[in-house]
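Undergrad: Let me begin by handing over the structure; questions about it come next.
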Amino acid sequence: MNRVLFPALAGALLAMSGTALADTAVSAVADLNVRAGPGPQYPVIGVLAAGQSATLTGCIENSKWCTIAEAGGNGWVYSDYVTGDFGGSRVVVTRRPANAEIAVVAPPTDNIYTTDTYTGAIVSNDDAIESIGRPPAEVGTYVTTHRVDPVYLDGEVVTGATLPDTVELREIPDYRYRYVYVNNQPALVDPGTRRIVYVMR
């Protein structure tokens, strides 16, 4: 990672609320882009390799974007892809307990969430929609046994991301949502809004 503290991150780190909270050691569950800001529209400044450790320094309130620090510098990651030790158990940071004492950081003020369906990008909008939770087992089985060719788009495959109109959504029998493989990752999509409501991992 570049050895630079980006201005967006510097502002967020100064805006941590309350008393100083302990940083948390986390590790990536897959190769994970580290970005200059909290969203896929920010440039990638490095990669946290699967299994690689970093220090979680804070998360935006009611968002899945968190700041990390490691030997190469500082950046932002999506918390669905990192785990930490909470209460003696390894937990995905997004599902951390309410009393985890993670510092709250303020997002940068420069155009945090955008929509860009014309360039084929998928965009987070992660505070505009909640995940539906784990789908029924038969839905997961159907999606994995009826695999389709993936589409490849710029951006992270995250809950709340909006897919462009050019992406074909596949039906699931007797189920409200449709599915697609985006960047080789199966995801359930609301056909009305074209937003991802669940990412299957």
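Undergrad: What percent does the relative contact order of region 137-199 come to when contacts are Cα pairs within less than 8 Å and at least six residues apart?
TA: Relative contact order here is 35 percent.
Undergrad: Give me the extension gain from Asn62 to Glu171: residue separation times 0.36 nm, minus the current Cα-Cα distance, reported in nm with one decimal.
TA: Using 0.36 nm per residue and subtracting the Cα-Cα distance, I get 36.2 nm.
Undergrad: Additional query: What does a probe at Ser53 reach in region 75-100, counting residues whose amide N is under 13 Å from the point 7 Å along Cα→Cβ?
TA: 84-85
Undergrad: For Val92 paired with Arg134, estimate the spin-label separation in nm (one decimal), with each label point 7 Å from Cα along the Cα-to-Cβ line.
TA: It works out to 1.0 nm between the two label points.
Undergrad: Quick one: plug the Kirkwood hydrodynamic radius of region 137-199 (C-alpha pairs) into Stokes-Einstein at 4 °C, 1.567 mPa s, and report D in µm²/s.
TA: 112
Undergrad: Applying 1/(1 + (r/R0)^6) with R0 = 22 Å to the Cβ-Cβ distance of Asp149 and Met200, what FRET efficiency is obtained, to the nearest 0.05? All intermediate terms of the calculation are to be shown ahead of the outcome.
TA: Values: r = 16 Å, r/R0 = 0.74.
Approximately 0.85, to the nearest 0.05.
All of the numbers you see were taken from the coordinates with simple rules; none came from a lab. It should be emphasised that the depicted structure is a prediction, and the values quoted were computed from it without experimental measurement. A quick note on method: Cβ atoms are made from the backbone with ideal geometry, for glycine too, and the neighbour counts reach across all protein chains shown.
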